[in-house]
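Below is one structure, written out as structure tokens, with a few remarks after it.
The values are calculated or read from the model by the stated rules, or taken from the named source; none is laboratory data. Predicted model, so just to flag it, every value in this text is computed and none were measured. Cβ placement follows ideal geometry from the backbone for every residue including glycine, while neighbour counts extend to all protein chains displayed. Only protein heavy atoms, including side chains, enter the accessible area calculation; ligands, DNA and RNA are left aside. Shrake-Rupley method; radii C 1.70, N 1.55, O 1.52, S 1.80 Å.
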Amino acid sequence: MFSKDSLAGADFSWDAALSACLASQLVYQNPAAVKNVARNHWGLESCEFIEVADTQLFVATTSDALLIAFRGTESVADWIGNLKLFATERSTGSVHRGFSIAFDVILSRLTSLLGQLDPANRQVLITGHSLGGALATIAAAEFVDTLPKVNVYTFGQPRLAKEDFQQFLDSRYQGNFYRFVNADDIVTRVPPRFRHVGRLFRLTDSGDLVHEAVAIAENGAEPRPLTEPEFEALQAQIKATETTARAVTPTGHAAEMATDVTMEGLFPSFSDHRLDNYIAKIGRFVRDKPRLDGIVEVAQVQSAGLEAAETNVRGTVWATSERGAPVLVRLRDRDWQPPAGLEIQSKLGRFVTARATPEQIEMLRTDPMIQSIEASRDAGMGECAVSIPFVHANAVHSAPLNEKGSDCLIGIIDSGIDVLHECFQDGNGISRIIGIWNQRDNSGSSPHAVDPNHFSQNTGTFYTTADIAGFVQGNPHDIPSALRDPNAHGTHVASIAAGRAVGTFGGGVAPESKIVVVIPNMTTDPADPPSLGYSNSHIDALVFSKSFAEKEGLPIAINVSLGMNAGAHDGLSSLEAAFDEVTNIGRDEGIAIVKSAGNERGHGGHAQTTGFVGITDITWQSADDFRQKDYIEVWFSSLDSYEFKLTDPTGNTSTTVSEPNPLVKEPLDGNFCTLNLTRFHRDNGDHQLQITIVPQQQPIQPGTWKLTITGTSILSNTARIDAWVERDNSRAIRFLTGDNDAMTLSIPGTARTVITVGASGSSLPLTLTSSSSRGLTRDNRPKPELCAPGTDIVAARSNSMDTQSVVASTGTSMAAPHVTGAIALAFSLRKKKNLNQLNAQQVKAALIRSANGSNGMHHDGFGFGVLDVAGFMSLVEN
């Protein structure tokens, strides 16, 4: 990913931009790590680290280039909270006084060092992130006469210039100053009274480049700067949060980190400032051969009677078929046109779901407009009339609002729905279910076949409003079994969100909302080659649901209760990014996605250990349940290097996997094991180890399995190693290593704009449901956003002769639809009032700010508190 050759380029290049961004990340490490990586991993000839007071930078060289990288601030909230608005004069013009002072403390040492490195004969690249970007800017001005060949790349830098400094720098650099801004990055909008310099490269939420301009004025291209009153209010919020954080977490560093996490929840633009977001988006502009994430060459696997099967390293085993394998394609260019013959299911901005044969996959690999190709992921597991008054929904149903959701659509992506249950009918017996797409059944007409003007999906069976009305009025024995929901999960979930009170069921949160249901086809079983897998099925379901809502002219709140466990849990995977893309990264009005947190707490689905130069291990207990595979992902910093060996319960050990030998595929006492090490993973730049175990001569062995981890080079600050296991309801694997409860949120609840909900009781003091998964995300974002009742929730029971029957269930799947219903109420009320609809970012902020039962800080289980529907509606009704 880092290209030392790009440093010597006189003109702009994306390789140089990415290399500068990585250098801006490296300088946050300790001096020894910086020097080691620069010299031994990046191949730079020299590297010197300068640190005076709180200002740090490193200077490195190649034969024809010189790199200067300044470090930013570690706690963004603390830095903004203490930021003053004073300017000072320099010889090149007026700049922010604090930035000027921070630069001057290292000026003499930097000047002396540069004098030893012959900068006049080298191309110089100056870079930095956040405060480091401001220091890089001042350095560019300070050395403008002594460094004749300079490019400047900054990322998320604050406003620092007065008009004279801006004019001086823009005139002297004439287009060689490249300033990157990610979305609405809060740091680029402060402090008031100051300006930006240089050529703006603004990256949208979805990663597109929307602006390239020089000396941007306040003309709409730049994210709007905060006004002084807004800035003062922000600082006051930060100070209040810091005070609470210190009371809860007295340690200074821990309080700063807790404040940062909380501020990210309250203000999404704080999250936009993360350097990993810059790296991920800029990396997508670097053109190389698309990586097949999760797919390796065809392997001969004697399993389940297959003569020849293809095994991808994410653990999916699918039979070869003429239609090919389900894949998720991530594009560099949203205007990409597919090759002839490729079966496209859905296109969503930069993401395409498709089925591709091995020949078509190879064709896609050579397409420069494609960034990555990912095998569709296997599904994980389903995550299973006191609660309604507890969250104050009944107050919204009554005067003065009298809102029950009639002008909104609720989307349910789940196991199905019982079309005969009376809670889904209005008072006249007319079903409020107005569309069902069963992806698992190809016996009827697909959505595209029924309505080609609105739907592109050409698999499964689509049931229209008229079809559903016919089932309700006809013979119950003629109803397809999926439409009675024998699994029962989807019916229970849908009734909490949108059920009407019937019999002993007290009704759901939005009892008059219309309902659309998608039954996803999630398995990628060898006996089921047409299956689409979790990624494709859910992305197709979201695209379908959004199109359905647009066709009906209604806003939509979409509930997702099924998730996956494996993955980096950092919001950067193609699946998570595609979920964000559905709502245009939370910016599209009238659509929001709600995801249950998952029920992994206490089940050992996550392992964490700390690496060192020596041997550690991750162990797990394997049950004797028969299953077709075990699949584990291990993630760690790309600054660290490890070797891995897998040992089965009887002591047989695999060949060592290492950076020189990244792929091992071999039998291990009757099982076929694959260990695949991916360096600098496309999604996040970290390293990933995938472990797949499939039965061969015998079932997967019960007992204790061990992954031995030998550290050969540890350069990151934390040396943290995380592992997650993908599994179904059998829960055949339980990790024995580390804190198994933290970071157990199911994917895609870790996506940035999906609203993730934990489960609590329905009384105060608040108690967390024992199985409710906990945050944070792997990159320390505040998830879940909130919690809602999920313990012993009595709601509709499916597939019963009694079409008013109820059953009690517990889990985060019961919590999430409370929030989905609340959003539907808000959307419906605003539609009735002819108000502009809210977007997902606004919905999330209002839910957080109105939540009850917290101390103002984010909690990794409760989020920011428990849902308060009445409080939420009071924030959004006007």
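Overview of values
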item: Pairs, first at pLDDT below 90 in the stretch 660-687, second surrounded by fewer than 19 Cβ atoms within 10 Å (Cβ to Cβ) and of a type in the set (Ser, Thr, Tyr), C-beta under 9 Å, six or more apart; result: 669/650
item: Spans of strands (runs of 3 or more DSSP E) in the stretch 3-121 with at least 3 residues in contact with a Ser or Thr (Cβ under 9 Å, 6 or more places away or on another chain) and open to solvent by less than 30 Å² (accessible area, probe 1.4 Å); result: 55-61, 65-70, 93-96
item: Number of positions in the stretch 545-571 that are more than 20 Å from residue 599 (Cα to Cα) and either open to solvent by 10 Å² or more (accessible area, probe 1.4 Å) or touching a Phe, Trp or Tyr at 6+ places or on another chain (Cβ under 6 Å) (or both); result: 8
item: Selection from the stretch 238-275 of residues that are open to solvent by 40 Å² or more (accessible area, probe 1.4 Å) and within 26 Å of the chain's Cα centre (by Cα); result: 253, 256, 257, 267, 268, 274
item: Pair list, Cβ under 6 Å, 6 or more apart: the stretch 26-46 residue closer than 17 Å to residue 279 by Cβ and of a type in the set (Val, Ile, Thr), other residue in a helix (DSSP H, G or I) and open to solvent by less than 50 Å² (accessible area, probe 1.4 Å); result: 34/26; 37/26
item: Identity of the residue in the stretch 812-831, more than 19 Å from residue 506 (Cβ to Cβ) and open to solvent by less than 30 Å² (accessible area, probe 1.4 Å), that ends up nearest to the chain's Cα centre (by Cα); result: 812
item: Qualifying residue in the stretch 289-296 (condition: at pLDDT below 80, under 30 Å from residue 19 (Cβ atoms) and open to solvent by 60 Å² or more (accessible area, probe 1.4 Å)); result: yes
item: Residue list for the stretch 142-174, filter: within 26 Å of residue 282 (Cα to Cα) and of a type in the set (Asp, Glu); result: 170
item: Qualifying position, being open to solvent by 10 Å² or more (accessible area, probe 1.4 Å) and in contact with a Lys or Arg (Cβ under 9 Å, 6 or more places away or on another chain), among 616, 650, 656; result: 656
item: Residues of the stretch 575-625 classified as in contact with a helix residue (DSSP H, G or I) (Cβ under 9 Å, 6 or more places away or on another chain) and part of a strand (DSSP E or B), total; result: 7
item: Cβ-Cβ under 7 Å pairs, at least 6 apart or on other chains, the stretch 508-520 side under 12 Å from residue 438 (Cβ atoms), far side open to solvent by 10 Å² or more (accessible area, probe 1.4 Å) and part of a loop (DSSP other than H, G, I, E, B); result: 519/415; 519/440
item: Checklist (1) over 22 Å from residue 718 (Cβ atoms); (2) within 18 Å of the chain's Cα centre (by Cα); (3) among the acidic types (Asp, Glu); (4) open to solvent by less than 20 Å² (accessible area, probe 1.4 Å) applied to residue 633, failing item; result: (1)
item: Qualifying positions in the stretch 701-722 - over 18 Å from residue 687 (Cβ atoms), assigned to a loop (DSSP other than H, G, I, E, B) and open to solvent by less than 30 Å² (accessible area, probe 1.4 Å); result: 701
item: Which numbered condition residue 445 misses (of (1) more than 15 Å from residue 540 (Cβ to Cβ); (2) part of a helix (DSSP H, G or I); (3) not β-branched (Val, Ile, Thr)); result: (2)
item: So residue 201, is it at pLDDT 90 or above, open to solvent by 40 Å² or more (accessible area, probe 1.4 Å) and more than 24 Å from residue 82 (Cβ to Cβ); result: no
item: Within the stretch 407-460, tally of residues that are of a type in the set (Asp, Glu) and closer than 18 Å to residue 802 by Cα; result: 3
item: Residue in the stretch 209-217 that is at pLDDT below 90, assigned to a strand (DSSP E or B) and not hydrophobic (A, V, I, L, M, F, W, C) present; result: yes
item: Enumeration of residues in the stretch 819-867 that are out of contact with any strand residue (DSSP E or B) (no Cβ under 6 Å at 6 or more places or on another chain) and of a type in the set (Ser, Thr, Tyr); result: 828, 850, 854
item: Residue 541, sole failed condition from (1) buried (at least 23 other Cβ atoms within 10 Å of the Cβ); (2) over 20 Å from the mean Cα position of the chain (by Cα); result: (2)
item: Output for the stretch 631-659, where each listed residue is assigned to a strand (DSSP E or B), at pLDDT 95 or above and among the hydroxyl-bearing types (Ser, Thr, Tyr); result: 642, 647, 653
item: Scan of the stretch 116-166 for residues that are over 29 Å from residue 204 (Cβ atoms), polar (S, T, N, Q) and touching a Gly at 6+ places or on another chain (Cβ under 9 Å), ordered by number; result: 123, 146
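A quick yes/no check of all residues on (1) within 25 Å of the chain's Cα centre (by Cα); (2) among the small types (Gly, Ala, Ser); (3) outside any strand (DSSP E or B); (4) farther than 18 Å from residue 643 by Cβ:
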residue	(1), (2), (3), (4)
673	no, no, no, no
682	yes, no, yes, yes
693	no, no, no, yes
724	yes, no, no, yes
744	yes, no, yes, yes
751	yes, yes, yes, yes
764	no, no, yes, yes
